[in-house]
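The values are calculated or read from the model by the stated rules, or taken from the named source; none is laboratory data. If you're wondering where the values come from, they're calculated on a predicted model, not measured in any experiment. Using ideal geometry, Cβ is built from the backbone for each residue, glycine included, and neighbour counts are taken over all protein chains shown.
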Amino acid sequence: MPPGTRAANRSELTQAILASASVQLAEIGPAALSVRQIARDLEMASSAVYRYFPSRDALLTALLIQAFDDLGRAVEEGAATGADLRDRFTGAAHALRGWALAHPHEYALTYGSPVPGYAAPTETVASATRVAAVLLAIVRDAQVEGRPLGAGTRQFSAAERTAVAPISDFVEPALDDAHTARAMVVWATLFGHVSLELFGHMNNAVLDYKEHFTTVIEQLADDLGL
């Protein structure tokens, strides 16, 4: 078999394995992910699946990277539709919520409860930080342009500044204390509201989720001076 054909076949089967695993995410959740069931679904021997993914953890890692990249791509595209900082931010935020609602099981895998016995390896970091890169770039640009922030924020202590250095230094130029603190609030608020909606924790408290989310992100945009 020519090398090109072999590579194409391997890629096709890899995607088939991931697709079968994604079905399991929806039906039984990541903790119960079964390589044997994937093998049965694809009419393969379990040993053949293990040649592509040597363990359940390796399969979970591939699913995580795929989900993080898919979400990151959606948020990047959402931000790219904006002509100014505010539109970039609201476009990114709506894309985040839209992706989560369209892919609830993948969102639960990435931002829900940890899978018992699984620890994500460092190879997931680049994909996992794509959304953060979009949001922090917007905050950085607001800082560079001298946009006035909303309500004042206190200065970090030396210990706090050390703790959040990976966030403030993620972009160039680095974020000052006020913008770092505001970026953390934005991050927690966006994912908090999406998670509360997706997992049903605001039922009977919010009647129109889209309108509510729009109000939240417009307030966040005001706080960032966008």
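Among the residues of the stretch 47-76, just one is among the aromatic types (Phe, Trp, Tyr) and modelled with pLDDT of 95 or more, namely 68. Counting only helices (runs of 4 or more DSSP H) that sit wholly inside the stretch 67-161, those with at least 3 residues that are closer than 15 Å to residue 183 by Cα are 85-102, 130-144. Pairing each residue of the stretch 115-130 that is within 13 Å of residue 56 (Cβ to Cβ) with any residue that is modelled with pLDDT under 90 and of a type outside the set (Asp, Glu), provided the two are 6+ apart or on different chains, yields C-beta distances under 6 Å for 115/30; 115/31; 116/31. Residues in the stretch 155-171 that are free of Cβ contacts under 8 Å to residues at least 12 places away in the same chain and not small (Gly, Ala, Ser) were compared, and the one that is surrounded by the most Cβ atoms within 10 Å (Cβ to Cβ) is 160.
Within the stretch 87-139, if we keep just the residues that are more than 23 Å from residue 200 (Cβ to Cβ) and of a type in the set (Phe, Trp, Tyr), the residue that is surrounded by the most Cβ atoms within 10 Å (Cβ to Cβ) turns out to be 89. Of the residues 177, 208, the single one that is out of contact with any helix residue (DSSP H, G or I) (no Cβ under 6 Å at 6 or more places or on another chain), surrounded by 13 or more Cβ atoms within 10 Å (Cβ to Cβ) and either among the charged types (D, E, K, R) or on the phi > 0 side of the Ramachandran plot (or both) is 177. No other residue among 198, 190, 175 is assigned by the TED database to the domain that holds residue 86 and in contact with a Pro (Cβ under 7 Å, 6 or more places away or on another chain) apart from 198.
Of all residues in the stretch 36-66 being within 30 Å of residue 129 (Cβ to Cβ) and not in a helix (DSSP H, G or I), which is farthest from the chain's Cα centre (by Cα)? The qualifying residue farthest from the chain's Cα centre (by Cα) is 54.
Being touching a residue at least 40 places away in the same chain (Cβ under 8 Å) and of a type in the set (D, E, K, R) is the filter; apply it to the stretch 177-209 and report the residue that is farthest from residue 103 (Cα to Cα). The extreme case among them is 182. Would you mind stating whether residue 90 is touching a helix residue (DSSP H, G or I) at 6+ places or on another chain (Cβ under 6 Å), on the phi < 0 side of the Ramachandran plot and in contact (Cβ under 8 Å) with a residue 40 or more places away in the chain? Yes; evaluated as a whole, the condition is true for this residue.
Among the residues making up the stretch 175-190, those that are within 15 Å of residue 135 (Cβ to Cβ) and either part of a loop (DSSP other than H, G, I, E, B) or of a type outside the set (Lys, Arg) (or both) are 175, 179, 180, 181, 183, 184, 185, 186, 187, 188, 189, 190.
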